Amino acid sequence: MPGETNLQGPNLAGIIGQPIAAQDDFDYSLAMRDLAARERVWSEALLDRFTAEPETVAPRTSMQFHGIDDPAERADLIAYLRSIPRP
Ligand code: HEM
């Protein structure tokens, strides 16, 4: 839910276009902070690569999610993320 904290992962409401690893109330891994130094913001293209293979885009990320193979499924997911308003 927008504004909710203390989840298993960071809040993804309004994530597209937002800076990477930038929520004050979430303790990101070094992997995610390294990605932020390289890429700065969550573009749709980066989200597509990250949801395909999180470990490849952010090696040693603490996100326990192995990725989604099907490009159409990832496109649906990104469309869903686009639809959730920022808190
Ligand atoms: C479709 C499913 C998922 C998507 C689209 C997704 C997306 C993301 C994104 C974009 C970030 C970076 C957020 C930011 O920069 O603020 C992130 C981080 C994270 N997510 Fe996920 N996630 C998914 C599933 C999961 C699941 C299932 C878990 C755990 C049960 C999880 C746990 C985390 C954690 C712990 C982080 C921080 C990673 C780190 O600091 O290395 N995510 N996720």
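Key figures for this structure:
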| quantity | calculated |
| --- | --- |
| Candidate set from segment 40-62 (those that are more than 20 Å from Ser83 (Cβ to Cβ) and surrounded by 18 or more Cβ atoms within 10 Å (Cβ to Cβ)); member that is farthest from the ligand (Cβ to nearest atom) | Val57 |
| Residues (over 16 Å from Asn11 (Cβ atoms) and either in contact (Cβ under 8 Å) with a residue 60 or more places away in the chain or surrounded by fewer than 16 Cβ atoms within 10 Å (Cβ to Cβ) (or both)) located in segment 63-73 | Gln64, His66, Gly67, Asp69, Asp70, Pro71, Ala72, Glu73 |
| Residue match in segment 39-50 (condition: modelled with pLDDT of 95 or more and in contact with a Lys or Arg (Cβ under 7 Å, 6 or more places away or on another chain)) | yes |
| Yes/no for Asp76 being at negative phi, loosely packed, with under 13 Cβ neighbours inside 10 Å and part of a loop (DSSP other than H, G, I, E, B) | no |
| Where a residue in segment 11-39 is in contact (Cβ under 8 Å) with a residue 24 or more places away in the chain and at positive phi and its partner, wherever it lies, is near the ligand (Cβ under 8 Å from one of its atoms) and among the aromatic types (Phe, Trp, Tyr), with Cβ under 7 Å and at least six apart | Gly17/Trp42 |
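The values are calculated or read from the model by the stated rules, or taken from the named source; none is laboratory data. If you're wondering where the values come from, they're calculated on a predicted model, not measured in any experiment. Counting neighbours? That spans all protein chains shown, and the Cβs are built from the backbone with ideal geometry, glycine included.
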